[in-house]
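Values quoted throughout were computed directly from the atomic coordinates according to the rules given, and no laboratory measurement underlies them. Everything numeric here is computed off the predicted structure, so don't read it as measured data. As a convention, Cβ positions derive from the backbone with ideal geometry for all residues, glycine included, and neighbour counts pool all protein chains shown.
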Amino acid sequence: MSGFDFDLFTIGAGSGGIRASRRAAGFGARVAVAEQRFLGGTCVNIGCIPKKLFSYAAHFKKDLEDARGYGWTSDQLTFDWHTLLEGKNREIERLNGVYGNLLNQSGVELINGRAKVTGPHTVEVGGRTFTSRYILVATGSSPTVPEIEGAEYCITSDDAFFLEKLPERVVVVGGGYIAVEFASIFNGLGVDTTVVYRGDRLLKSFDADLGNFLAEQMTKRGVHFRFNSEIRKIERDGTGWNCVTSGNARLSYDTVLYATGRRPNTSGLGLESVGVTLAPDGAIVVDDAFQTAEPSIYAVGDVIRRMQLTPVALAEGMLVADRLFNGGAEYMDYSGIPTAIFSHPNVGTVGLSEEQAIARGYKIDVYRSVFTPLKHTVSASGDKVLLKLIVDSNSDRVLGVHMVGDDAGELLQGFAVAIKCKATKAQFDATVGIHPTIAEEFVTMRTKVGA
Ligand code: NDP
């Protein structure tokens, strides 16, 4: 096909990189992927997968408490952190092996080591130089911590998966995805958990009802919140830490977890030397085809910082492979991408929030329902769910579906299909519900908010 060693050289064997590489190899391209750390990237090793396993672990205590109302007793309940870590590590090792086999079976050559771009068609790994017609950068992102005094004492989500012992008192800084997920995990495992957030509402980029309702529900489950508060410095205090807040409160904790966003992994990759443009936050600037300013170099996933979600990186990787090796001409559609936050309770959302719909000039009808699900009538836990629909009053099209409640992550996937198909409220109403479920409420909401 060319005088190069490879047709595609991918840097980073995470979700986007592996998917693009395998797909390209499937089209007959000669493909190599360089990886310096672990197969499967953040998602498999220090992200979605171990987080979800921890999230399951943390939910059992609540499930057992709920079971009391149904007649079960569980007085001898104990939790062993090391059993969880070992189970999690076993599953991740298994997945690392699966990814290795998948690459092998697809004919993709795996090159272990840190790669550096040395030219538009050359990559160096461990002193060896490889040439490739195209280079794909899929190096992901890493947690960022603001520069405060004592920042070196805090941990990030990367570390939280390997703690030697379960902390007794944790402060979690941030109000986004990782903060609420880890606060729920620690709280569920019995850790005294406080969230310190500089804003006044969790999940600021989502529909306002979601963050407010989530904070209420998490508070009921025992999480403490300090809104409009920032940590100014962290000081050693015996075996733990003192966090000094903007209001000069001193909070004493044994673990401080920062969940304040993720920075694209672009430093030291040699990208500046080949004319690839980086945004001020370090993200690689690409066009709609994921091509950088250097025509032979492409980038996908967290490193381009469009939506830092695994399924988005997978989709972007597939589009690049199709375009380069299969004559594909499709562009990524970033609208209607569903997402779930695996806090306790879950948050699930797809489409526009009420605020976004208004900002885009839609005249909208809002349907909102808060109720006690059947399961929690007898459990007497007091748990409630929130369901919300945003509808375009002119076209009747459903613009957004939002939920806070158990299994929102599972439930929203189907509604994402409806949003993709541009379903109308009349079609939601014409759909027969499944009884008795929480989700049936989405097809039986008839009263507009304020009507
Ligand atoms: P997010 O962007 O979701 O949240 C970052 C939080 O940190 C925000 O509340 C932000 O506040 C706050 N923050 C930012 N800078 C500072 C600062 N200097 N001091 C104090 N607070 C600060 O990032 P995460 O780290 O939680 O997650 C990164 C990304 O990873 C997510 O955006 C998501 O794309 C992905 N992810 C997806 C998951 C899933 O699909 N379930 C799970 C985990 C992560 P403010 O709101 O005021 O800006």
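Observations
- Dimensions of region 317-368 from C-alpha coordinates, computed as largest minus smallest value along each principal axis and given longest first, are 46, 33, 14 Å.
- The chain - share of DSSP beta bridges that are antiparallel (%, nearest 5): 60 percent
- Ordered by the count of other Cβ atoms within 10 Å of each Cβ, fewest first, 147, 109, 216 give 147, 216, 109.
- The length gained on full extension between residue 246 and residue 64, counted as 0.36 nm times the residue separation minus their Cα-Cα distance, comes to 61.7 nm.
- Region 238-354: relative contact order in percent, alpha carbon pairs under 8 Å with at least 6 residues between: 13 percent
- Taking the longest Cα principal axis of the chain as reference, the axis of helix 48-68 is set at about 10 degrees.
- Size descriptor, Kirkwood hydrodynamic radius, that averages inverse alpha-carbon separations across region 240-311, Å: 14.9 Å
- Remark: 121, 82, 224 ranked as 82, 224, 121, counting other beta-carbon atoms within 10 Å and listing the fewest first.
- Solvent-free Debye scattering, log10 I(q)/I(0), computed from the Cα coordinates of region 69-120 at q = 0.14, 0.20, 0.22 Å⁻¹: -0.67, -0.89, -0.94
- Percentage relative contact order, the chain, counting C-alpha pairs under 8 Å, at least six apart: 15 percent
- Ranking of 431, 10, 292 by count of other Cβ atoms within 10 Å, fewest first: 431, 292, 10
- Axis angle, to the nearest 10 degrees, between helix 81-106 and the longest C-alpha principal axis of the chain: 40 degrees.
- Note on region 394-451: the alpha carbon radius of gyration divided by the globular reference 2.2 N^0.38 Å gives 1.11.
- Quotient of the Cα radius of gyration of region 112-192 and 2.2 N^0.38 Å, N being its number of residues: 1.64.
- Taking the average, over residues, of other Cβ atoms within 10 Å as the packing measure, peptides 168-178, 65-75 rank 168-178, 65-75 from highest down.
- Hydrodynamic radius of region 198-284 by the Kirkwood approach over all distinct alpha-carbon pairs: 16.4 Å.
- In the chain, the longest principal axis of the Cα atoms and the axis of helix 15-26 are about 50 degrees apart.
- Cα pair distances exceeding 17 angstrom across region 221-343, given as percent: 69 percent
- Taking the three principal axes of the alpha carbon atoms in region 31-133, the coordinate ranges are 67, 24, 20 Å, sorted in descending order.
- Estimated [θ] at 222 nm from DSSP helical runs (n ≥ 4, -39500 (n - 2.57)) normalised by residues in the chain, nearest 500: -9500 deg cm²/dmol
- Entry note, region 322-451: relative contact order of 26 percent, from Cα contacts under 8 Å with a spacing of 6+ residues.
- Computed 3J(HN,Hα) for region 203-211, one whole-Hz value per residue from the Karplus formula 6.51 cos²θ - 1.76 cosθ + 1.60 where θ = phi - 60°, is 6, 4, 7, 9, 3, 4, 4, 5, x, glycine and proline marked x.
- Chymotrypsin sites (Phe, Trp or Tyr not before Pro) within region 273-370, DSSP loop, no more than 12 other Cβ atoms inside 10 Å: 331, 334
- Exceeding the 22 Å Cα-Cα cut-off - candidates 220/375; 165/220; 52/116; 61/388; 363/420: 165/220; 52/116; 61/388
- Convex hull volume of region 267-422 per residue (C-alpha atoms, cubic angstrom): 159 Å³
- Quarter of the Cα convex hull surface for the chain, i.e. its orientation-mean projected area (nm²): 24.5 nm²
- Within-14-Å neighbourhood charge of residue 395 [Cβ basis; K, R +1; D, E -1]: +2
- Of every Cα-Cα pair in region 274-329, the percent that sits beyond 19 Å: 25 percent
- Along its first, second and third principal axes, ordered by size, region 150-222 spans 37, 25, 18 Å in Cα coordinates.
- Contour minus Cα-Cα distance for residue 371 and residue 216 (0.36 nm per residue): 54.4 nm
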